[in-house]
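Okay, so here's the structure we're looking at.
Derivation of every value follows stated rules applied to the coordinates shown; laboratory data play no part. For clarity, every value in this text was computed on a predicted model and none was experimentally measured. Here the Cβ is made from the backbone with ideal geometry for all residues, glycine too, and neighbour counts use every protein chain on show.
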Amino acid sequence: MNHLKSLIREVPDFPKPGILFYDITTLLKDAQGLRSLIDELGAGYVGKGIDKVIGIEARGFIFAPAVAYALNAGFVPVRKPKKLPAATERVEYQLEYGTDALEIHRDAIQAGEHVLIVDDVLATGGTAAAVTKLAEKLGGRVVGLGFVIELDFLKGREKLPGYDIQAMLHY
Ligand code: AMP
C-alpha cells in the first residue's frame, strides 16, 4: 500500500491555495499500479451480487467501468447537470459556498438492484452522500462505497452513517 501511495502525486495549492490535491494520474499511468487499483477497489465486493457500479464525474469515470467489468456488473455514470440526454433524477448538495447538483438517468438502476459507488477521493463526503441519495431515489440498494483515497481528517464517513465504506489509502 505504501508503494501505491508513492505513486500518487501530491500537488500543493491546487485548485486553490491551501488545498493539497491528490493526483491519481501518476498511479493510473503505472501498469502494475493500475492493476492493483482496479483489483483492490473491487476486492471487497466480489460475490456480493453487485448489479451496478456508479462512477462520479469526472475522475470516477476513469476506473468505475473497470471495477464494474471485474465484478461482472454494469456501469452507471452520475454527471453534472444537463449532461445526460434522457430523463434524469437530480440531487442538490451543499458546498463550502453555495450548492451543486448531480444527475442520473432514471432508468439507470432498477428497484432492488445492488449498487456500488466508487470515486477517487472521499473528502468531506458531500458528493458521495448525494450519490447515495440518487441511487436510493431509484430504488437501488447501496451495498457499499469504494474510494482510492480517504482524507480521514475531513470525517467524510460521518456523512455516510450505516454504509460500508472501503478506502484503499488513508491520509
Ligand atoms: P467531497 O468533499 O467528499 O464531496 O469531495 C468532492 C470531490 O472532490 C471528490 O469527488 C474528489 O474527487 C474531489 N476532491 C476533494 N478533495 C480532494 C483532494 N484533496 N485531492 C483530490 N481530489 C479531491
Worksheet item: To the nearest 20 debye, what charge dipole does the chain have about its Cα centre, counting +1 at the Cβ of each Lys and Arg and -1 at the Cβ of each Asp and Glu?
Response: 280 debye
Practice prompt. Please give every one of the lysines within straight-line cross-link reach of residue 133, meaning a C-alpha to C-alpha distance under 25 Å, and leave out same-chain neighbours fewer than 8 residues apart.
Written response: 48, 52, 80, 82, 83, 155, 159
Item to complete: Return the percentage of antiparallel bridges among DSSP beta bridges fully within the chain, rounded to the nearest 5 %.
Response: 35 percent
Item to complete: Take the alpha carbon gyration tensor of the range 18-149, find the square roots of its eigenvalues, order them as a ≥ b ≥ c, and report rounded if a/c is under 1.5; if not, report prolate when a/b exceeds b/c, else oblate.
Response: oblate
Item to complete: Report the residues of the range 84-115 in range of a label on residue 16: point 7 Å along Cα→C-beta, backbone N strictly under 18 Å from it.
Response: 93-101
Worksheet item: On full extension of the chain, what length is gained from residue 43 through residue 5, given 0.36 nm per residue of separation minus the C-alpha to C-alpha distance?
Response: 11.9 nm
Response to the item:
Phi angles of the range 101-113, converted by Karplus (6.51 cos²θ - 1.76 cosθ + 1.60, θ = phi - 60°) into ³J(HN,Hα) in whole Hz with x for Gly and Pro, give 9, 9, 10, 9, 5, 4, 9, 6, 10, 8, 3, x, 5
Fill in: Rg and Dmax [Cα atoms of the range 39-103; Å; Rg one decimal, Dmax integer]
13.8, 41
